[in-house]
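Structure, as structure tokens:
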Amino acid sequence: MTEQVLAKLAASHEQVLGELVEFASIPSVSADPACAAHVQAAARWVADRLGAAGPLAVRTIATPGNPVVYGEWCGAPGKATVLVYGHYDVQPPDPVELWVTPPFEPTVRDGRLYARGVSDDKGPMLIPIAVAAAYFAEEGRLPLNVKFLFEGEEEVGSPSLEDFITRHRELLAADVIISADGAMWRPDEPSLTVANRGLAALELTLTGPAKDLHSGRHGGSVANPLHALARLIASLHHADGRVAVEGFYDAVRELSAGERADIAALPFDETTYLAQVGTMAAFGEPGYTTLERQWTRPTIEVNGMWGGYQGPGSKTIVPGTAHAKLTCRLVPDQRPAAVLDAVVRHLERHTPAGTRLTIRRDEHGAPAAHIERDHWALAAAGRALSAVYGMPPLVVRMGGSVPVAEIFQRVLGLATLYFSFSTGDEDFHSPNEFFRVRRLHEGLAAWARLWDILAERPA
């Protein structure tokens, strides 16, 4: 890699930041039908930016949902081919009233750019596009063959992506996936993620009376769905935090002594962590450390419960229905459908008398995924990060889920290298999401070095 490319990237910092501000201003919320036009606008923005980067063959490909933006440059015969993945859709900004500045009016404060989607995933996915532009500007070519795949449905489970990848196997042929989605563990040192948990989800409704009833006239004589829901949800766990669903742990692969030792050796201070998240004590499945629970153990979490009157003042009713959303984080060998089957059976067996249970399963779950510790791309990423940060990266895992990694592994037979410059504390999915401006700059240098190192390996 020439010094001219690095110099070009350093000189482009303000330009790239300005592009990110423009990109993050688009409210591309895939979960909200009212934002459909904005999601389409974000896809056009990505396609235009890819096209402006250089002689990339760019096209926008329709799916049953939101379009995939695809681009490629395959002018390096004999060199490796990488497929760069990212997503241009974002989470809903709610609750909007908790944002210091409006979620789609990107604002820089204290070295941080605040906006919905700026860390997950617009900042990280813009970096490799800018790196491609710098290479084309300075050298007229890329050091290896690069394909880009940017989707617009990641935040709703990527329902169109598996079919897209299956139908476009030849188009997407590559040697490795590099994901701009994901996150490094912490902002203070570089890290490489070698595994992530999977995901399964469902929504349940308990129905009691046919309508809301006066709580004075009817209270105490019919089942209250909110009371019943609280009991049903509580039945999912034992008091110590272990999941109480029969069969939930049947397929779980236990950590080896070496894996536990590797996790224990990481620099993690639980007191500092608890202060960062604002809670008094750690809690969860007994027999495991906090990091082991976050990265390597399966969970059932209640994401929301609601029903009855929630307006100002009081309304004395027995509500007719109550609702909850559940998600399960999965570990290797757990399959989403089998886990949901076990959870559904538990809910059906424990439905309180006087209520009727209705369940809506999310069929777009994702198993856990990983990259082998000795994978050649992981070694290259370690060299690139060491060059930028002056220290070797930590090897960590991810508690969250990136469904596409397992799809790439299963359908294309390719491992996914996470190379995102977000960090886990940047409040993605929460109010006041931000992206550190310096991480944008560090990412530009690291992606350029990574491509150059990967180019040393023949196809």
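Is it true that residue 206 is in contact with a helix residue (DSSP H, G or I) (Cβ under 7 Å, 6 or more places away or on another chain) and farther than 30 Å from residue 378 by Cβ? Quick ask: steps written out before the conclusion?
On the way: in contact with a helix residue (DSSP H, G or I) (Cβ under 7 Å, 6 or more places away or on another chain): yes; farther than 30 Å from residue 378 by Cβ: yes.
In short, yes.
Select, from 159, 209, the only residue that is in the same structural domain as residue 310 (by TED's automatic domain parsing) and not charged (D, E, K, R). Give the steps one after another, and end with the answer.
Values: 159 fails: in the same structural domain as residue 310 (by TED's automatic domain parsing).
On inspection, the qualifying residue turns out to be 209.
Which residue is farthest from residue 17 (Cα to Cα), if the candidates are limited to the range 422-445 and must be buried (at least 23 other Cβ atoms within 10 Å of the Cβ) and not charged (D, E, K, R)?
Among them, the one singled out is 422.
Identify all residues within the range 100-153 that are assigned to a strand (DSSP E or B) and over 16 Å from residue 57 (Cα atoms); write none if there are none. Please lay out each step first, then the result.
Step one: list which residues in the range 100-153 are assigned to a strand (DSSP E or B), which gives 107-109, 112-114, 145-151.
If the condition is that a residue be assigned to a strand (DSSP E or B) and over 16 Å from residue 57 (Cα atoms), then 107, 108, 109, 112, 113, 114, 151 are the ones that fit.
Condition first: of a type in the set (Val, Ile, Thr) and over 20 Å from residue 339 (Cα atoms). Now tell me which residues in the range 262-300 satisfy that. Talk me through it step by step, then tell me what you get.
If we filter the range 262-300 for residues that are of a type in the set (Val, Ile, Thr), which is where we start, we get 263, 271-272, 277, 279, 289-290, 296, 299-300.
Once the filter is applied, which keeps residues that are of a type in the set (Val, Ile, Thr) and over 20 Å from residue 339 (Cα atoms), the range 262-300 yields 263, 271, 272, 277, 279, 289, 290.
Could you pull out the residue among 246, 254 that is without any contact (Cβ under 8 Å) to a residue 24 or more places away in the chain, among the charged types (D, E, K, R) and in a loop (DSSP other than H, G, I, E, B)?
On the way: 246 fails: without any contact (Cβ under 8 Å) to a residue 24 or more places away in the chain.
The conditions single out 254.
Do you know which residues across the range 263-278 are closer than 27 Å to residue 230 by Cα and either in a helix (DSSP H, G or I) or at pLDDT 95 or above (or both)?
Matches in the range 263-278: 274, 277.
Just for the range 180-192: of the residues that are more than 14 Å from the chain's Cα centre (by Cα) and assigned to a loop (DSSP other than H, G, I, E, B), which one is surrounded by the fewest Cβ atoms within 10 Å (Cβ to Cβ)?
Looking only at the range 180-192, we keep the residues that are more than 14 Å from the chain's Cα centre (by Cα), and these are 186-192.
Narrowing further to those that are assigned to a loop (DSSP other than H, G, I, E, B): 186-190.
Details: 186: 17, 187: 15, 188: 9, 189: 14, 190: 23.
Only one residue tops the list, namely 188.
For residues in the range 312-331 being assigned to a strand (DSSP E or B) and more than 30 Å from residue 216 (Cβ to Cβ), which is nearest to the chain's Cα centre (by Cα)?
For the range 312-331, the residue satisfying everything is 329.
Among 117, 111, which is the only one that is modelled with pLDDT of 95 or more and crowded, with 21+ Cβ neighbours inside 10 Å?
Details: 111 fails: crowded, with 21+ Cβ neighbours inside 10 Å.
None of the others qualify; the one that does is 117.
Of 234, 228, which residue is out of contact with any His (no Cβ under 8 Å at 6 or more places or on another chain), surrounded by 16 or more Cβ atoms within 10 Å (Cβ to Cβ), more than 27 Å from residue 369 (Cβ to Cβ) and not acidic (Asp, Glu)?
Details: 234 fails: surrounded by 16 or more Cβ atoms within 10 Å (Cβ to Cβ).
The unique qualifying residue is 228.
Let's see how each residue does on (1) in contact with a His (Cβ under 9 Å, 6 or more places away or on another chain); (2) within 22 Å of residue 87 (Cβ to Cβ); (3) surrounded by 23 or more Cβ atoms within 10 Å (Cβ to Cβ); (4) modelled with pLDDT under 95:
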site	(1), (2), (3), (4)
340	no, no, no, no
345	no, no, no, no
349	no, no, no, no
374	no, no, no, yes
383	no, no, no, no
392	no, no, no, no
420	no, yes, yes, no
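Could you list, in sequence order, the residues of the range 262-295 that are over 20 Å from residue 190 (Cα atoms) and either in the same structural domain as residue 342 (by TED's automatic domain parsing) or hydrophobic (A, V, I, L, M, F, W, C) (or both)?
Scanning the range 262-295 gives 274, 275, 277, 280, 281, 282, 283.
Looking at (1) out of contact with any Ser or Thr (no Cβ under 6 Å at 6 or more places or on another chain); (2) surrounded by 14 or more Cβ atoms within 10 Å (Cβ to Cβ); (3) assigned by TED's automatic domain parsing to the domain that holds residue 184; (4) within 20 Å of residue 255 (Cα to Cα), which one does residue 328 not meet, given that it meets all the others?
Status for residue 328: all satisfied but (3).
How many residues are under 17 Å from residue 334 (Cβ atoms) and exposed (fewer than 12 other Cβ atoms within 10 Å of the Cβ) when one looks only at the range 254-266?
Residues in the range 254-266 being under 17 Å from residue 334 (Cβ atoms) and exposed (fewer than 12 other Cβ atoms within 10 Å of the Cβ): 1 in total.
Among (1) buried (at least 19 other Cβ atoms within 10 Å of the Cβ); (2) over 21 Å from residue 418 (Cα atoms), which single condition is residue 177 missing?
Result: residue 177 fails condition (2) only.
Here's the yes/no breakdown for (1) in contact (Cβ under 8 Å) with a residue 24 or more places away in the chain; (2) touching a Phe, Trp or Tyr at 6+ places or on another chain (Cβ under 8 Å):
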| position | (1), (2) |
| --- | --- |
| 188 | no, no |
| 195 | yes, yes |
| 204 | yes, no |
| 216 | yes, no |
| 219 | yes, no |
| 226 | yes, no |
| 235 | yes, no |
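Please tell me if residue 195 is of a type in the set (A, V, I, L, M, F, W, C), in contact with a helix residue (DSSP H, G or I) (Cβ under 9 Å, 6 or more places away or on another chain), assigned to a strand (DSSP E or B) and surrounded by fewer than 24 Cβ atoms within 10 Å (Cβ to Cβ). Before the answer, list the steps.
Details: of a type in the set (A, V, I, L, M, F, W, C): yes; in contact with a helix residue (DSSP H, G or I) (Cβ under 9 Å, 6 or more places away or on another chain): yes; assigned to a strand (DSSP E or B): yes; surrounded by fewer than 24 Cβ atoms within 10 Å (Cβ to Cβ): yes.
Yes, satisfied.
The values are calculated or read from the model by the stated rules, or taken from the named source; none is laboratory data. Model, not experiment: these values are computed from the prediction. Counting neighbours? That spans all protein chains shown, and the Cβs are built from the backbone with ideal geometry, glycine included.
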